[in-house]
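Below is one structure, written out as structure tokens; the observations come after it.
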Amino acid sequence: MESNKIVVKAMCVVSRNGKEVLAGIGRDDVKEEYFGRIIGGKMEFGETAESALRREFKEELNTDLEELFFIKMVENIFTYNGQNGHEVIFVYKGNLSDKALYQKDLIKVEDCGKKFDVKLVSLDDVYSGKLKLYPEIDYKAILNYKV
């Protein structure tokens, strides 16, 4: 995490049946909290948000995205493992081209030397407070958004 810098990211809400969202699973050791984070990543200089998102999904999950469209921008100011962070996130909604990924209970990912698990997390768990999902936005509204 880069400190004292605003990081620009593109992330995508991918859902199975409108009740689960694809998320990387992480842990904040300071807060002693497991959490989910929707998939995406940092934009590189000269790269559009959509290109960054497609690149991240290809690198992390080896899939393309379909029916991808921009929903909104979110400013996320947070603390992770005791360090302050600040992000501006282009939030998209889309579907995975590789439909077999929707059937996996757990996907092991390695990106930039970091290993993490990706899985579909229940929105009921998110809205009940059982699991934090970042960024903290209204996922049901995004999933119900019509073009």
_Pair list, Cβ < 6 Å and 6+ apart or interchain, from the range 10-25 residues that are part of a strand (DSSP E or B) to residues that are among the charged types (D, E, K, R)_ = Val13/Lys93; Ala23/Arg37; Gly24/Arg37; Ile25/Asp117
*asked:* Can you confirm whether Glu67 is over 16 Å from the mean Cα position of the chain (by Cα) and either closer than 15 Å to Leu143 by Cβ or in a strand (DSSP E or B) (or both)?
replied: yes
*Examine the range 55-63 for a residue that is open to solvent by 50 Å² or more (accessible area, probe 1.4 Å), touching a residue at least 24 places away in the same chain (Cβ under 8 Å) and more than 12 Å from Val13 (Cα to Cα), and state whether such a residue exists.*
yes
*Does Thr63 satisfy being under 16 Å from Ile107 (Cβ atoms), of a type in the set (S, T, N, Q) and modelled with pLDDT of 95 or more?*
yes
_Take the conditions open to solvent by 50 Å² or more (accessible area, probe 1.4 Å), within 15 Å of Pro135 (Cβ to Cβ) and free of Cβ contacts under 8 Å to residues at least 12 places away in the same chain and apply them to Ile6. Does it pass?_
no
*Mind listing whichever residues of the range 108-147 are at pLDDT 90 or above, under 21 Å from Glu67 (Cβ atoms) and surrounded by fewer than 17 Cβ atoms within 10 Å (Cβ to Cβ)?*
Asp138
*For residues that are open to solvent by 10 Å² or more (accessible area, probe 1.4 Å), touching a residue at least 24 places away in the same chain (Cβ under 8 Å) and in a strand (DSSP E or B), scanning just the range 26-37, find the one that is nearest to Phe90 (Cα to Cα).*
Arg37
*How many of the residues making up the range 76-110 are touching a helix residue (DSSP H, G or I) at 6+ places or on another chain (Cβ under 9 Å) and of a type in the set (Phe, Trp, Tyr)?*
2
*Determine which member of the set Gly40, Gly82 is at positive phi, open to solvent by less than 60 Å² (accessible area, probe 1.4 Å) and at pLDDT 95 or above.*
Gly40
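The values are calculated or read from the model by the stated rules, or taken from the named source; none is laboratory data. Just so we're clear, the structure is a prediction, and the values are computed from it rather than from any experiment. As a convention, Cβ positions derive from the backbone with ideal geometry for all residues, glycine included, and neighbour counts pool all protein chains shown. In case anyone asks, the SASA skips ligands and DNA or RNA and just uses the protein heavy atoms, side chains included. Shrake-Rupley method; radii C 1.70, N 1.55, O 1.52, S 1.80 Å.
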